[in-house]
Amino acid sequence: MAALTAPRLTSQRATNHEHHFGVKAEVQIFAGALLILAAGYLRPGREGQGADNTAKAADAATYRAVGIAADTIKGGAGDGDESLDVSSGVFPFAIGGGGDALTVSDIGKPVYVIDDQTVGKTNPNSIRCVAGALHDVADGFAWVEVSPTISAALTA
């Protein structure tokens, strides 16, 4: 192949996709929340849980960011009793402070889940899962491409 010498027609695939997953029992999810799959069920984004950093890292290693919540919902008595539509694509999130600050020089790099509305640059002690790839930093927000495939690819 040679470099272009004239304009060409290009097509673009939509960046927003809809997914549908079961909700973890008893968890509260708000519309617009950054969501993760934990053991196959949706929950709000969070750092790994456990008694120490080793346990937190092991927990976080099982998480996959999948998108944002289309609606507000509370999980039922059992895992998967409720389900929710999830949108993947590029969305704005709050930026963590200190060493988690993001700039345009970080575009294209992985960012990490701090909570259901915040992402950061770092993964201290491996207790955070990948949120997605940084698309832009504008108007005080990190614009992040979030999807199950992006999360899986950046974690591999």
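Throughout, read-outs are computed from the coordinates displayed, never taken from laboratory work. All values derive from a computational prediction rather than experimental measurement. Cβ: placed from backbone, ideal geometry, glycine included. Neighbour counts: every protein chain shown.
Observations, loosely collected:
- Residue in segment 84-102 that is in contact with a His (Cβ under 6 Å, 6 or more places away or on another chain), of a type in the set (Gly, Ala, Ser), on the phi < 0 side of the Ramachandran plot and assigned to a strand (DSSP E or B) present: yes
- Whichever residue in segment 105-133 is assigned to a loop (DSSP other than H, G, I, E, B) and of a type in the set (S, T, N, Q) and, among such residues, is surrounded by the most Cβ atoms within 10 Å (Cβ to Cβ): ASN123
- Hits in segment 134-156 - residues which are free of Cβ contacts under 8 Å to residues at least 12 places away in the same chain and either under 19 Å from HIS17 (Cβ atoms) or assigned to a helix (DSSP H, G or I) (or both): THR149, ALA153
- Failed condition for VAL130, given (1) over 20 Å from ALA57 (Cα atoms); (2) touching a helix residue (DSSP H, G or I) at 6+ places or on another chain (Cβ under 9 Å); (3) of a type in the set (A, V, I, L, M): (1)
Residue-wise test of (1) of a type outside the set (Phe, Trp, Tyr); (2) closer than 18 Å to CYS129 by Cβ; (3) over 17 Å from the mean Cα position of the chain (by Cα).
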{"site": "ALA33", "(1), (2), (3)": "yes, yes, no"}
{"site": "ALA55", "(1), (2), (3)": "yes, yes, yes"}
{"site": "ARG64", "(1), (2), (3)": "yes, yes, no"}
{"site": "ILE68", "(1), (2), (3)": "yes, yes, no"}
{"site": "LYS74", "(1), (2), (3)": "yes, no, yes"}
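- Evaluated against (1) surrounded by fewer than 21 Cβ atoms within 10 Å (Cβ to Cβ); (2) in a loop (DSSP other than H, G, I, E, B); (3) in contact with a helix residue (DSSP H, G or I) (Cβ under 9 Å, 6 or more places away or on another chain), LYS56 falls short on exactly one condition, (2).
- Filtered residues of segment 146-156 (kept if buried (at least 21 other Cβ atoms within 10 Å of the Cβ) and either more than 21 Å from ALA69 (Cα to Cα) or out of contact with any Cys (no Cβ under 9 Å at 6 or more places or on another chain) (or both)): VAL146, SER147, ILE150
- Between VAL144, VAL90, VAL104, the distinction of being more than 11 Å from the chain's Cα centre (by Cα) and either farther than 21 Å from TYR41 by Cα or of a type in the set (Lys, Arg) (or both) belongs to VAL104 only.
- Those residues of segment 74-101 which are free of Cβ contacts under 8 Å to residues at least 60 places away in the same chain, surrounded by fewer than 15 Cβ atoms within 10 Å (Cβ to Cβ) and farther than 19 Å from TYR112 by Cα, in sequence order: LYS74, ALA77, GLY78, ASP81
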